[in-house]
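Worksheet: the structure to be examined is printed underneath.
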Amino acid sequence: MKEIHSYWAYLVLLILIFAVVNAIIGLTQKKQFTNKDLRIGLFTLIVTHIQLLIGLAWYFMSPWYKGLKSNASEVMADKATRLLAVEHPITMIFAIVLITIGWSKHKKKTTDAGKFKMFVIFYGLGLFLILSRIPWNNWFS
């Protein structure tokens, strides 16, 4: 499950970066919001939600969750363990909530710029949060 979560994360990052860059280009170049842009946003929403489900399944099987249940003060005292047991899951959930809000808010906008702006803001914030709490040393070790 850990491997699936790690490999799917690459897909999430790629499509999320693509969606944010596409929205920035659409907003700055005053492009028309087309079905292609809608599908990019929707696909991003779907892959992030799948990652959330995979991540939650892995989390509740992980040694970090078990350690948190058995000895929370020890887990919280160690920076690397705290990242995996607390900071990463909470931040990722919050990031996916922001992406979901962005998807919902873009549908209510009537202008192309407004739709792109919602993706830039909410998908961009989600991307920022995700990048801030990826356990990079686990990916590259």
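Does T48 satisfy being modelled with pLDDT of 95 or more and either aliphatic (A, V, I, L, M) or surrounded by 14 or more Cβ atoms within 10 Å (Cβ to Cβ) (or both)? So T48 fits the description; yes. Taking each residue of segment 16-35 that is part of a helix (DSSP H, G or I) and looking for partners that are modelled with pLDDT of 95 or more and among the acidic types (D, E) with beta-carbon atoms closer than 9 Å, six or more apart or interchain, yields A19/D37; N22/D37; A23/D37; G26/D37; G26/D112; L27/D112.
L38: within 16 Å of K115 (Cβ to Cβ) and surrounded by 12 or more Cβ atoms within 10 Å (Cβ to Cβ), yes or no? Yes, satisfied.
Of all residues being of a type in the set (V, I, T) and either over 19 Å from H5 (Cα atoms) or more than 10 Å from the chain's Cα centre (by Cα) (or both) in segment 95-133, which is surrounded by the most Cβ atoms within 10 Å (Cβ to Cβ)? Just the residue, please. Walk me through it before giving the result.
Taking segment 95-133 and keeping what is of a type in the set (V, I, T), we get 96-97, 99-101, 110-111, 120-121, 130.
When the remaining residues are screened for being either over 19 Å from H5 (Cα atoms) or more than 10 Å from the chain's Cα centre (by Cα) (or both), the result is 100-101, 110-111, 120-121.
Values: T100: 16, I101: 16, T110: 6, T111: 9, V120: 22, I121: 18.
For segment 95-133, the residue satisfying everything is V120.
Out of the residues in segment 61-77 that are assigned to a helix (DSSP H, G or I) and among the polar types (S, T, N, Q), which is surrounded by the most Cβ atoms within 10 Å (Cβ to Cβ)? So the residue we want is S70. Any residue at all in segment 59-66 that's under 19 Å from I99 (Cα atoms) and under 20 Å from the mean Cα position of the chain (by Cα)? There is no residue in segment 59-66 that is under 19 Å from I99 (Cα atoms) and under 20 Å from the mean Cα position of the chain (by Cα). Do we have any residue at all in segment 2-21 that's in contact with a Lys or Arg (Cβ under 9 Å, 6 or more places away or on another chain) and not acidic (D, E)? Within segment 2-21, not a single residue is in contact with a Lys or Arg (Cβ under 9 Å, 6 or more places away or on another chain) and not acidic (D, E).
Inspect all residues belonging to segment 78-85 and state whether any of them is more than 30 Å from N138 (Cα to Cα), touching a residue at least 24 places away in the same chain (Cβ under 8 Å) and either β-branched (V, I, T) or in a helix (DSSP H, G or I) (or both). It would help to see each step written out before you state the result.
Of all residues in segment 78-85, those more than 30 Å from N138 (Cα to Cα) come to none.
Looking through segment 78-85, none of the residues is more than 30 Å from N138 (Cα to Cα), touching a residue at least 24 places away in the same chain (Cβ under 8 Å) and either β-branched (V, I, T) or in a helix (DSSP H, G or I) (or both).
Scanning segment 76-94 for residues that are within 19 Å of K2 (Cβ to Cβ) and either hydroxyl-bearing (S, T, Y) or in contact with a Lys or Arg (Cβ under 6 Å, 6 or more places away or on another chain) (or both) turns up T81, E87, H88, T91.
Pick out the one residue from T100, T91 that is closer than 23 Å to N137 by Cβ, at pLDDT 95 or above and part of a helix (DSSP H, G or I). Spell out how you get there, then give the answer.
Working: T100 fails: closer than 23 Å to N137 by Cβ.
After applying the criteria, what remains is T91.
The values are calculated or read from the model by the stated rules, or taken from the named source; none is laboratory data. Predicted, not measured: the structure shown is a model, and the values here were computed from it. When we count neighbours, we look across all protein chains shown, and the Cβ atoms used for this are built from the backbone with ideal geometry, even at glycine.
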